[in-house]
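Take a look at the structure set out below.
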């Protein structure tokens, strides 16, 4: 399975908010670098291009997913009920 990875929290938030890709979790590269992992690769790349060309998603959901990803990054309990899989 080809995976899309990024260390950009904002792109990750956009991908997650779209609901079109699956979030597989976070991979730690070193003490300060973590990668967000999504699948499928081609769709995630398309959404990344959409993000950079000014794509728009509902703000309420966007902010909720941003906070959920920050919770995962800092090992806090997520605010929502979503199960995002294992976090490394």
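Every number in this text was worked out from the coordinates using simple rules, so none of it is lab data. Model, not experiment: these values are computed from the prediction. Cβ atoms come from the backbone with ideal geometry, glycine included; neighbour counts cover every protein chain shown.
For an R0 of 25 angstrom, estimate the FRET efficiency from the Cβ-Cβ distance between residue 10 and residue 32 and round to the nearest 0.05.
Numbers: r = 18 Å, r/R0 = 0.70.
After rounding to 0.05, the efficiency reads 0.90.
Taking the Cβ-Cβ separation of residue 74 and residue 46 as r and a Förster radius of 35 Å, what is the calculated FRET efficiency to the nearest 0.05? Mind dumping the intermediate values first?
Values: r = 29 Å, r/R0 = 0.84.
E(calc), rounded to 0.05, equals 0.75.
In deg cm²/dmol and to the nearest 500, what is the mean residue ellipticity at 222 nm of the chain if only DSSP H runs of at least 4 residues count, each as -39500 (n - 2.57), divided by the residue total?
-13000 deg cm²/dmol
Taking 8 Å as the Cα distance limit and 6 or more residues as the minimum spacing, I'd like the relative contact order of the chain as a percentage. Numbers along the way, then the final one.
Details: 119 pairs, mean separation 30.9, N = 88.
Worked out over the chain, it gives 35 percent.
Classify region 1-40 from the C-alpha gyration tensor, please: rounded if a/c falls under 1.5, else prolate or oblate depending on whether a/b exceeds b/c. Spell out each step's value before the answer.
Working: a/c = 2.75, a/b = 1.47, b/c = 1.87.
Since a/c reaches 1.5 but b/c is at least a/b, the shape of region 1-40 is classed as oblate.
Over all alpha-carbon pairs in the chain, figure out the percentage whose distance exceeds 14 Å. Intermediate values should be presented prior to the final figure.
Values: 2360 of 3828 pairs.
Roughly 62 percent, rounded to a whole number.
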